[in-house]
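Comments concern the structure below.
The values are calculated or read from the model by the stated rules, or taken from the named source; none is laboratory data. Being a predicted model, the structure only gives us computed values, none of them experimental. Heads up, the Cβs are rebuilt from the backbone with ideal geometry, glycines too, and the neighbour counts pull from every protein chain shown. Only protein heavy atoms, including side chains, enter the accessible area calculation; ligands, DNA and RNA are left aside. Shrake-Rupley method; radii C 1.70, N 1.55, O 1.52, S 1.80 Å.
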Amino acid sequence: MKVKGLAAMVFVLALVTAGCGNKETASGSSGSSNSGSGGKVIKIATQSPLSGGSSIQGEAIKLGAQMSMEDHKEEFAKLGYSLELVPYDDQGDAKKGVANAEQIGADQSIVGVIGHLNSGVTIPSSVVYEKYNIAMISPASTATEVTDRKLKVVNRVVARDDFQGPAAAEYAIKTLGAKNIFVIQDKTAYGQGLADAFRTAAEQAGATISGYEGITVGEKDFNGVLNIVQSKNPDFIFFGGMYAEGGLIVKQARDKGITAPVMGGDALDSSGMVDIAKDDIVGTLYSSVSTDITKTDPGKKWADQYEQKFGKKPEGYSAYAYDSMSVMLEAVKKSIEDNGGQLPAREKIRDAVRATKDFEGVATKVSFDDIGDNSYAKVFIYKFEAASYPGSMVSEVSK
Amino acid sequence: MISSILQTLPQVLIDGLALGAIYAVVALGYTMVYGILELINFAHGEIFMTGAFVGTTVLFMFQSFGWLGGLPAWFSYLLIILIAMMVTGSLGVGIERVAYRPLRKAPKLISLISAFGVSFVLQDVVRFIAQLKTGNYIVTSDSLFSGRMTLDTSAISSVFGNASIKANTIIILIVAVLLMAGLDIFVNRTKWGVAMRAVAQDRETASLMSINVNKIVVLTFFIGSALGGATGVLFAQQYGTIDPYIGFILGMKAFTAAVLGGIGNIRGAMFGGIVIGILEMFASSNLGILTHGSFGAEYKDVFAFMILIIVLIFKPEGLFGRAVKEKV
């Protein structure tokens, strides 16, 4: 009964606060909220696919956010607030994401969202967050359109797709000394965008693009394209596309006796690559927006804590979800302090999130620029040194 | 330009031949059913896909029982193909019984829609089963024959480059030729074949000649689907990776091959398959060169379907078919 009463009270408080969003209401409601023993509740939602094909990554986002929230519980208790995580399942589906976003918007006690995994869900859902002024931080969405729309609520801690291609080009040309590069792409928004970004950067860096060919998603026979590759005899192949085609291209290229290394984007960051190409995978490279957290000592310690807590190893995005939540809580805390100990309106929190500068996270440092991209976001280059996933991290490229 | 096309030509021909052989055997299934029932069995592409999955499953079972080491590779290959043929053959018969026979008297369009229904059901059933265990429906199988040899085609003339051929490609060609030759002999030389041709010509008259039409239809579906299933195994072995959606576009191209050769004509289907396969491979290897990069390899499919349209407009009976005369 007590909990119910408290919740109702918080609801009323939140309604009043959101309704006017001014100091006068804050002082008016302070009398009633003091009586709660556990303090006022601050809810933060996560949205990620908790069911379906990418539920492993989606759950990792939820757990990472949850871990950060639990780490900050005491801090907020001192301020007189209790934290609560509200996980939503967007099923990797834009329609479901938008429907959830409406629910989140309607719940006035939710002040922020951590999510989504898929850019395709982030883009329509963030329009709803913008309507309700709820700050959003994505630990995983990389499409340029996510932040290019310049919404006030949208932020992300990972790198953009148009940074990944050039980063891969830099590694291919400067580190591996590639001179004659063949580019293959799958004609999708992702694959072509990445391949184009790679091609432009590679040409600027002085490499020759000896061919630029397209393939069709779902095809199994890439011998035609590979015949062209063979006749051009490149010393490096870049592939913009998904792992199902990427794995087959690697395999069929090796079958033909093409030995040039193949490189792709974060869509090849999947154990599916190894399943398809088997031993032929060795030497294949991919860029990714997520770091190997176990490379540093504090990161290793964090990963051990994660494993101890949840009984499973962190996924690539776990640490980014952790950092996203930490950034969010930092901003909430700061705006409470600025507001004289009261929880301010969502607009204030939204602006406080965007104002984040030089935040030290577990996986990445965070500073949002004026459209919500992280200035410290990096791209990491991995290489399959054996037929096992994941590959080993061989380089990191910062802006 | 010409020199670079010639350079890759031997390799293009070999890759095209392997693909064409697959199209040809799948096209046989379309052509046989059409020849007998004048029904385009659009579920045939999915039967092919099911064959690929059945073959791969059997291969996995062999591996987990540890039989592969004990048996010679060609024998297990043969066994896998036979099992896949039996399963898809029965599947084809089942589909005929459930989805086509009740509609045999209905307008043609109804059975066509029914065929599409069956193909979607098959896609999703296979997808459901395939992802039961791992949540991933893209299945990768091991190749039984992984050898590769280089053909010294540059010795013929220096304008050609060397070509390489996989052991598996040779097996595809051999099996495809065996299947096609076997079918040709069956249809032209056996009593069952005569009955089949009789039903194809005139169902009613054939039934008056004490031919059990239903039996012949079932037999046709069994043979056509078994051939499709066998090709599925060949496909899975050649390309290594299969998913529940491989049947659709491949089925469409095989259907085009059947139309090109003259639908209902078995030798025409074989010819059409090989032509489409080589043409597609040639297009995907050389389109960029021929058009100076304005069209890339991704436009290769346009060719198969352009042929379909051209054939339908100018020679609807196909290259080998005879124009159907009004029955009097």
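Out of B:Gly296, B:Gly247, which single residue is buried (at least 21 other Cβ atoms within 10 Å of the Cβ) and either under 30 Å from A:Lys232 (Cβ atoms) or away from every other protein chain (no Cβ under 14 Å) (or both)?
Numbers: B:Gly247 fails: either under 30 Å from A:Lys232 (Cβ atoms) or away from every other protein chain (no Cβ under 14 Å) (or both).
So the residue among B:Gly296, B:Gly247 that is buried (at least 21 other Cβ atoms within 10 Å of the Cβ) and either under 30 Å from A:Lys232 (Cβ atoms) or away from every other protein chain (no Cβ under 14 Å) (or both) is B:Gly296.
Quick one: B:Ile263 ticks every box in (1) within 12 Å of another protein chain (Cβ to nearest Cβ); (2) over 30 Å from B:Ile129 (Cα atoms) except a single one, so which number is it?
Failing condition for B:Ile263: (1).
So A:Gly105 fits all but one of (1) out of contact with any Gly (no Cβ under 8 Å at 6 or more places or on another chain); (2) open to solvent by 20 Å² or more (accessible area, probe 1.4 Å); what number is the exception?
Among (1) out of contact with any Gly (no Cβ under 8 Å at 6 or more places or on another chain); (2) open to solvent by 20 Å² or more (accessible area, probe 1.4 Å), A:Gly105 violates only (2).
Among what's in segment A:213-236 and is open to solvent by 60 Å² or more (accessible area, probe 1.4 Å) and touching a strand residue (DSSP E or B) at 6+ places or on another chain (Cβ under 7 Å), pick the residue that is farthest from A:Pro261 (Cα to Cα). Break it down stepwise before answering.
First pass over segment A:213-236, keeping only residues open to solvent by 60 Å² or more (accessible area, probe 1.4 Å): A:217, A:230, A:232-233, A:235.
This time we only want the ones that are touching a strand residue (DSSP E or B) at 6+ places or on another chain (Cβ under 7 Å), so: A:232, A:235.
On the way: A:Lys232: 14, A:Asp235: 7 Å.
Looking at residues that are open to solvent by 60 Å² or more (accessible area, probe 1.4 Å) and touching a strand residue (DSSP E or B) at 6+ places or on another chain (Cβ under 7 Å), I get A:Lys232.
When segment A:50-62 is examined, which residues are found to be aliphatic (A, V, I, L, M) and either buried (at least 21 other Cβ atoms within 10 Å of the Cβ) or not in a helix (DSSP H, G or I) (or both)? Write out each step before concluding.
Looking only at segment A:50-62, we keep the residues that are aliphatic (A, V, I, L, M), and these are A:50, A:56, A:60-61.
Matches in segment A:50-62: A:Leu50, A:Ala60, A:Ile61.
Hey, does segment B:170-182 have a residue that's within 14 Å of another protein chain (Cβ to nearest Cβ), buried (at least 19 other Cβ atoms within 10 Å of the Cβ) and either of a type in the set (A, V, I, L, M, F, W, C) or assigned to a strand (DSSP E or B) (or both)? So that I can check it myself, show each step before the final result.
Initial filter on segment B:170-182 (within 14 Å of another protein chain (Cβ to nearest Cβ)): B:170, B:172.
Right, trim to buried (at least 19 other Cβ atoms within 10 Å of the Cβ) and you get B:172.
Right, trim to either of a type in the set (A, V, I, L, M, F, W, C) or assigned to a strand (DSSP E or B) (or both) and you get B:172.
Yes: segment B:170-182 contains one or more residues that are within 14 Å of another protein chain (Cβ to nearest Cβ), buried (at least 19 other Cβ atoms within 10 Å of the Cβ) and either of a type in the set (A, V, I, L, M, F, W, C) or assigned to a strand (DSSP E or B) (or both).
Given the residues A:Gly272, A:Gly257, A:Gly247, A:Gly283, which is the only one that is over 27 Å from A:Ser398 (Cα atoms) and surrounded by fewer than 20 Cβ atoms within 10 Å (Cβ to Cβ)?
Numbers: A:Gly272 fails: surrounded by fewer than 20 Cβ atoms within 10 Å (Cβ to Cβ); A:Gly247 fails: surrounded by fewer than 20 Cβ atoms within 10 Å (Cβ to Cβ); A:Gly283 fails: over 27 Å from A:Ser398 (Cα atoms).
Sole residue among the options that is over 27 Å from A:Ser398 (Cα atoms) and surrounded by fewer than 20 Cβ atoms within 10 Å (Cβ to Cβ): A:Gly257.
How many residues, within segment B:120-145, are more than 15 Å from B:Thr241 (Cβ to Cβ) and either of a type outside the set (Phe, Trp, Tyr) or within 11 Å of chain A (Cβ to nearest Cβ) (or both)? Don't jump to the end; show me each part of the working.
Going residue by residue through segment B:120-145, those that are more than 15 Å from B:Thr241 (Cβ to Cβ) are B:120-125, B:128-129, B:132-133, B:135, B:144-145.
So of that shortlist, the ones also either of a type outside the set (Phe, Trp, Tyr) or within 11 Å of chain A (Cβ to nearest Cβ) (or both) come out as B:121-125, B:129, B:132-133, B:135, B:144.
Looking only at that region, the number is 10.
If I go through segment B:299-311 residue by residue, how many of them are within 14 Å of chain A (Cβ to nearest Cβ) and either open to solvent by less than 40 Å² (accessible area, probe 1.4 Å) or under 21 Å from A:Ile184 (Cβ atoms) (or both)?
Of all residues in segment B:299-311, those within 14 Å of chain A (Cβ to nearest Cβ) come to B:299-305.
Narrowing further to those that are either open to solvent by less than 40 Å² (accessible area, probe 1.4 Å) or under 21 Å from A:Ile184 (Cβ atoms) (or both): B:299-304.
So the answer is 6.
So, B:Ser158, is that one within 14 Å of chain A (Cβ to nearest Cβ) and either in contact with a Leu (Cβ under 6 Å, 6 or more places away or on another chain) or not in a helix (DSSP H, G or I) (or both) or not?
When the stated conditions are applied, B:Ser158 does not pass them.
So which residues in segment A:184-218 are within 13 Å of chain B (Cβ to nearest Cβ) and either assigned to a helix (DSSP H, G or I) or of a type in the set (D, E, K, R) (or both), if there are any at all?
Applying the first criterion (within 13 Å of chain B (Cβ to nearest Cβ)) to segment A:184-218 yields A:184-188, A:191-192, A:195, A:199, A:209-218.
A:Asp186, A:Lys187, A:Gly191, A:Gln192, A:Ala195, A:Arg199, A:Glu213, listed by residue number.
Consider A:Ile181 against the criteria (1) away from every other protein chain (no Cβ under 11 Å); (2) in a helix (DSSP H, G or I): it satisfies all of them except one. Which criterion is unmet?
Of (1) away from every other protein chain (no Cβ under 11 Å); (2) in a helix (DSSP H, G or I), only one is false for A:Ile181: (2).
Out of A:Gly165, A:Gly115, which single residue is under 18 Å from the mean Cα position of the chain (by Cα), crowded, with 24+ Cβ neighbours inside 10 Å and farther than 16 Å from A:Tyr88 by Cα?
Working: A:Gly115 fails: farther than 16 Å from A:Tyr88 by Cα.
A:Gly165 is the lone residue from the list that is under 18 Å from the mean Cα position of the chain (by Cα), crowded, with 24+ Cβ neighbours inside 10 Å and farther than 16 Å from A:Tyr88 by Cα.
Filter segment B:266-282 for residues that are open to solvent by 30 Å² or more (accessible area, probe 1.4 Å) and within 14 Å of another protein chain (Cβ to nearest Cβ); which is farthest from B:Val25 (Cα to Cα)?
B:Phe282
For segment A:239-260, give me each residue that is of a type outside the set (Val, Ile, Thr) and over 18 Å from B:Gln11 (Cβ atoms). Talk me through it step by step, then tell me what you get.
Applying the first criterion (of a type outside the set (Val, Ile, Thr)) to segment A:239-260 yields A:239-248, A:251-257, A:260.
Selection gives A:Phe239, A:Gly240, A:Gly241, A:Met242, A:Tyr243, A:Ala244, A:Glu245, A:Gly246, A:Gly247.
So, B:Ser285, is that one crowded, with 24+ Cβ neighbours inside 10 Å and over 15 Å from the mean Cα position of the chain (by Cα) or not?
Working: crowded, with 24+ Cβ neighbours inside 10 Å: yes; over 15 Å from the mean Cα position of the chain (by Cα): yes.
Criteria met by B:Ser285.
For B:Ala254, all conditions in the list (1) aliphatic (A, V, I, L, M); (2) within 12 Å of chain A (Cβ to nearest Cβ); (3) more than 30 Å from A:Tyr212 (Cβ to Cβ) hold save one; what is the number of the exception?
The single condition B:Ala254 does not satisfy is (2).
Do the conditions hold for A:Ile209, that is, is it hydrophobic (A, V, I, L, M, F, W, C), touching a strand residue (DSSP E or B) at 6+ places or on another chain (Cβ under 9 Å), open to solvent by 10 Å² or more (accessible area, probe 1.4 Å) and at pLDDT 90 or above?
Taking the combined requirement at face value, the residue satisfies it.
So B:Lys315 clears everything in (1) away from every other protein chain (no Cβ under 14 Å); (2) surrounded by 18 or more Cβ atoms within 10 Å (Cβ to Cβ) except one condition, right? Which one?
(2)
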